[in-house]
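A.B. asks: Let me begin by handing over the structure; questions about it come next.
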Amino acid sequence: MGRRIMLLGFAIPLIFAAYSGVTAAEVIKVKFSNFFPATHKTAVVFDGFCKEINKRTNGKVEMVYFVGGSLLTPTKTAAGVSTGIADIGLSHCSYTRGRFPVLEGMELPLGFPSSWIASHVANDFYDKFKPKEWDDHHVLMFSTGPSSVLYTLDKPVRNLEDLKGLKIRATGRTADIAKALGASPIPMDIGDVYEAFRRGVLDGAMGGLDQMVGFKFGELLKYTTESWKVGFVNTFYVVMNKRKWQSLPADIKKVFSDVSEEYKEKWAVAWNESDIEGREFQKSHGGQFIPLSDQEALRWRKATEPVIAAYKKDLVSRGYNEKEVDSFISFIRDRTEYWKKQEKLKNIPTAYKY
């Protein structure tokens with residue numbers, strides 16, 4: 001009897017140890033890299049995303065969230081997710097120009113009035129065309145930053161002549177647009193831009209008004225030219241390492257897909273809110289907004305036509321035919337008009353009137 005009790009005394013801890021080991025093994029750790037600082041609305045949105053995944057998987061997934069580029073910088077995110085440094089990464093196409101050439105079509109000066117509109121267009125575009133450039137990743141969602149406008153440190157820009165020679169921070173195809181408009185494009189990681197403004201290394205930048213708050217540019221910049229009529233956007237992506245995705249159980253995959261679908265809308269709305277907040281933030285620091293007349297906007301569109309032509313030529317050189325590329329651009333324009341109507345019907349607040 002005593003021997004049985006002694007054996008049972010050894011067995012019970014072993015059983016609990018084995019059970020605990022299985023439970024620990026069932027927890028799937030997922031590293032999510034986001035280059036935005038913790039205070040930026042996009043970082044806050046995806047903090048909620050991570051918590052929602054944890055909640056809906058009942059602890060089966062543990063999201064480990066890295067912000068501020070602490071795991072991967074924006075330029076290294078696509079490669080870092082492919083190789084498994086991060087399981088999920090958030091960045092945008094401009095940071096790795098040429099890696100996602102088809103979706104760079106969203107960076108053309110096609111006149112996006114808001115991020116909410118452009119975000120829906122980007123997701124529609126991927127769903128329709130499924131560009132092969134994304135085959136190395138599992139795509140969770142796309143969104144776009146607010147429509148890029150021109151903001152300057154201390155010189156107001158009302159026409160093309162005012163822009164000539166200004167040192168403007170621009171990356172990817174944005175740099176081509178800046179050059180076509182007569183500026184001198186300067187590629188630079190977003191984290192270095194504030195100091196460059198402070199030291200006068202840059203005269204301005206092209207980007208969304210969210211940057212006024214998220215990166216505190218509104219503390220320094222005196223002018224914004226409302227050039228959204230030739231607006232272009234940076235296409236942000238949230239992608240997962242493909243091997244990691246394939247290793248997930250079916251029920252966990254469904255949670256990721258469902259939550260991602262919901263956060264497409266949350267993220268798009270948040271971008272619009274960021275645009276509005278950025279406008280108010282810059283104005284509160286004495287910033288002035290300069291409208292771009294329809295006549296001047298036509299001049300800017302004509303000046304940037306070579307950028308669209310270069311995009312077509314680039315894709316043709318990569319094996320696409322001209323008819324396909326034209327269909328990409330037509331689709332973007334058509335869906336933009338559709339989502340403009342939807343934005344008004346849904347009363348989504350926007351930074352600009354159109």
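A.B. asks: Could you please find all residues in region 259-297 being in a helix (DSSP H, G or I), among the aliphatic types (A, V, I, L, M) and in contact with an Asp or Glu (Cβ under 6 Å, 6 or more places away or on another chain)?
C.D. replies: Initially, region 259-297 is screened for residues in a helix (DSSP H, G or I), giving 259-284, 294-297.
Retained after the next criterion (residues that are among the aliphatic types (A, V, I, L, M)): 259, 268-270, 276, 297.
Correct list: Val259 only.
A.B. asks: Among the residues of region 96-122, write down those that are farther than 15 Å from Pro146 by Cβ, crowded, with 21+ Cβ neighbours inside 10 Å and not hydrophobic (A, V, I, L, M, F, W, C).
C.D. replies: Correct list: Glu104, Gly105.
A.B. asks: Moving on to the next point. Taking the condition in contact (Cβ under 8 Å) with a residue 24 or more places away in the chain, under 26 Å from Glu219 (Cα atoms), touching a Leu at 6+ places or on another chain (Cβ under 7 Å) and polar (S, T, N, Q), does Thr144 pass? Talk me through it step by step, then tell me what you get.
C.D. replies: Working: in contact (Cβ under 8 Å) with a residue 24 or more places away in the chain: yes; under 26 Å from Glu219 (Cα atoms): yes; touching a Leu at 6+ places or on another chain (Cβ under 7 Å): no; polar (S, T, N, Q): yes.
No: the conditions fail for Thr144.
A.B. asks: Continuing with this model, one more query. Restricting attention to region 315-328, report how many residues are within 24 Å of the chain's Cα centre (by Cα) and surrounded by 16 or more Cβ atoms within 10 Å (Cβ to Cβ).
C.D. replies: Residues meeting the conditions: 3.
A.B. asks: Moving on to the next point. Of all residues in region 126-148, how many are closer than 24 Å to Asp210 by Cα, modelled with pLDDT of 95 or more and either out of contact with any Lys or Arg (no Cβ under 6 Å at 6 or more places or on another chain) or surrounded by fewer than 18 Cβ atoms within 10 Å (Cβ to Cβ) (or both)? Give the derivation first.
C.D. replies: Residues of region 126-148 that are closer than 24 Å to Asp210 by Cα, as a first pass: 140-148.
If we keep only those that are modelled with pLDDT of 95 or more too, we end up with 140-144.
With either out of contact with any Lys or Arg (no Cβ under 6 Å at 6 or more places or on another chain) or surrounded by fewer than 18 Cβ atoms within 10 Å (Cβ to Cβ) (or both) added as a condition, the list becomes 140, 142-144.
Total meeting the criteria: 4.
A.B. asks: Residue under question is Leu315, and the condition is that it be outside any helix (DSSP H, G or I), within 28 Å of Pro74 (Cβ to Cβ) and touching a Gly at 6+ places or on another chain (Cβ under 9 Å); does it hold? Reasoning before the result, please.
C.D. replies: Values: outside any helix (DSSP H, G or I): no; within 28 Å of Pro74 (Cβ to Cβ): yes; touching a Gly at 6+ places or on another chain (Cβ under 9 Å): yes.
Judged against the criteria, Leu315 is not a match.
A.B. asks: If you take the residues in region 32-67 that are farther than 26 Å from Asp210 by Cα and not aliphatic (A, V, I, L, M), which one is modelled with the lowest pLDDT?
C.D. replies: Gly59
A.B. asks: Let me ask something additional. Please return the ranges of strands (runs of 3 or more DSSP E) entirely within region 48-155 where 2 or more residues are more than 24 Å from Lys254 (Cα to Cα) and within 16 Å of the chain's Cα centre (by Cα). Don't jump to the end; show me each part of the working.
C.D. replies: Values: elements: 61-66, 88-92, 137-144, 149-152.
Once the strands (runs of 3 or more DSSP E) in region 48-155 are filtered for at least 2 residues that are more than 24 Å from Lys254 (Cα to Cα) and within 16 Å of the chain's Cα centre (by Cα), nothing remains.
A.B. asks: Let me ask something else. Would you point out the residue of region 275-289, among those that are of a type outside the set (Asp, Glu) and touching a Gly at 6+ places or on another chain (Cβ under 7 Å), that is farthest from Gly145 (Cα to Cα)? Let's see the steps before the verdict.
C.D. replies: As a first pass, look at region 275-289 and keep what is of a type outside the set (Asp, Glu): 276, 278-279, 281-289.
Then drop every residue that is not touching a Gly at 6+ places or on another chain (Cβ under 7 Å), which leaves 278, 281-282, 285, 287.
Working: Gly278: 12, Phe281: 17, Gln282: 17, His285: 22, Gly287: 21 Å.
Looking at the filtered set, the residue picked out is His285.
A.B. asks: Is there a residue in region 10-23 that is at pLDDT 95 or above, among the hydroxyl-bearing types (Ser, Thr, Tyr) and surrounded by fewer than 22 Cβ atoms within 10 Å (Cβ to Cβ)? Give the steps one after another, and end with the answer.
C.D. replies: Initially, region 10-23 is screened for residues at pLDDT 95 or above, giving none.
The answer is no; no qualifying residue exists.
A.B. asks: If the Cβ limit is 7 Å and pairs must be 6+ apart or interchain, which residue in region 324-347 that is assigned to a helix (DSSP H, G or I) pairs with which residue that is of a type in the set (D, E, K, R)?
C.D. replies: Sorted first by the residue in region 324-347, then by its partner, the pairs are Val325/Lys312; Phe331/Lys128; Arg335/Asp124.
A.B. asks: Further question on the same structure: Quick check, is Lys253 without any contact (Cβ under 8 Å) to a residue 40 or more places away in the chain, under 23 Å from Ala122 (Cα atoms) and either of a type in the set (Asp, Glu) or surrounded by fewer than 23 Cβ atoms within 10 Å (Cβ to Cβ) (or both)? Even if it seems obvious, please write down each step before you answer.
C.D. replies: On the way: without any contact (Cβ under 8 Å) to a residue 40 or more places away in the chain: yes; under 23 Å from Ala122 (Cα atoms): yes; either of a type in the set (Asp, Glu) or surrounded by fewer than 23 Cβ atoms within 10 Å (Cβ to Cβ) (or both): yes.
Spelling it out, Lys253 is indeed without any contact (Cβ under 8 Å) to a residue 40 or more places away in the chain, under 23 Å from Ala122 (Cα atoms) and either of a type in the set (Asp, Glu) or surrounded by fewer than 23 Cβ atoms within 10 Å (Cβ to Cβ) (or both).
A.B. asks: Now, a different point. Just need a number here: residues in region 23-58 that are of a type in the set (S, T, N, Q) and more than 24 Å from Gly145 (Cβ to Cβ). Walk me through it before giving the result.
C.D. replies: Our first condition is that a residue be of a type in the set (S, T, N, Q); within region 23-58, this holds for 23, 33-34, 39, 42, 54, 57-58.
Going one step further and asking which of them are more than 24 Å from Gly145 (Cβ to Cβ), we end up with 23, 54, 57-58.
Residues that pass the stated criteria total 4.
A.B. asks: Would you point out which residue out of Val213, Val230 is over 22 Å from His120 (Cβ atoms), surrounded by 20 or more Cβ atoms within 10 Å (Cβ to Cβ) and not hydroxyl-bearing (Ser, Thr, Tyr)? Walk me through how you get there before you give the answer.
C.D. replies: Details: Val230 fails: over 22 Å from His120 (Cβ atoms).
Unique residue meeting the criteria: Val213.
A.B. asks: Now a separate question. What number of residues in region 216-227 are surrounded by fewer than 24 Cβ atoms within 10 Å (Cβ to Cβ) and in a helix (DSSP H, G or I)?
C.D. replies: 1
A.B. asks: Okay, moving on. Among residues belonging to region 151-165 that are of a type outside the set (Ser, Thr, Tyr) and crowded, with 21+ Cβ neighbours inside 10 Å, point out the one that is nearest to Asp275 (Cα to Cα).
C.D. replies: Taking region 151-165 first, the residues of a type outside the set (Ser, Thr, Tyr) are 153-165.
From the residues that got through so far, the ones that are crowded, with 21+ Cβ neighbours inside 10 Å too are 157, 163.
Numbers: Val157: 20, Leu163: 23 Å.
If we take residues in region 151-165 being of a type outside the set (Ser, Thr, Tyr) and crowded, with 21+ Cβ neighbours inside 10 Å, then Val157 is nearest to Asp275 (Cα to Cα).
A.B. asks: Of all residues in region 156-204, which are among the small types (Gly, Ala, Ser), assigned to a loop (DSSP other than H, G, I, E, B) and free of Cβ contacts under 8 Å to residues at least 40 places away in the same chain? Walk me through it before giving the result.
C.D. replies: Looking only at region 156-204, we keep the residues that are among the small types (Gly, Ala, Ser), and these are 165, 170, 172, 175, 178, 180, 182-184, 191, 196, 200, 204.
Going one step further and asking which of them are assigned to a loop (DSSP other than H, G, I, E, B), we end up with 165, 170, 172, 182-183, 200.
Gly165, Ala170, Ala183 - these are the residues of region 156-204 that are among the small types (Gly, Ala, Ser), assigned to a loop (DSSP other than H, G, I, E, B) and free of Cβ contacts under 8 Å to residues at least 40 places away in the same chain.
The values are calculated or read from the model by the stated rules, or taken from the named source; none is laboratory data. Keep in mind the model is a prediction, meaning the values are calculated, not measured. Cβ atoms come from the backbone with ideal geometry, glycine included; neighbour counts cover every protein chain shown.
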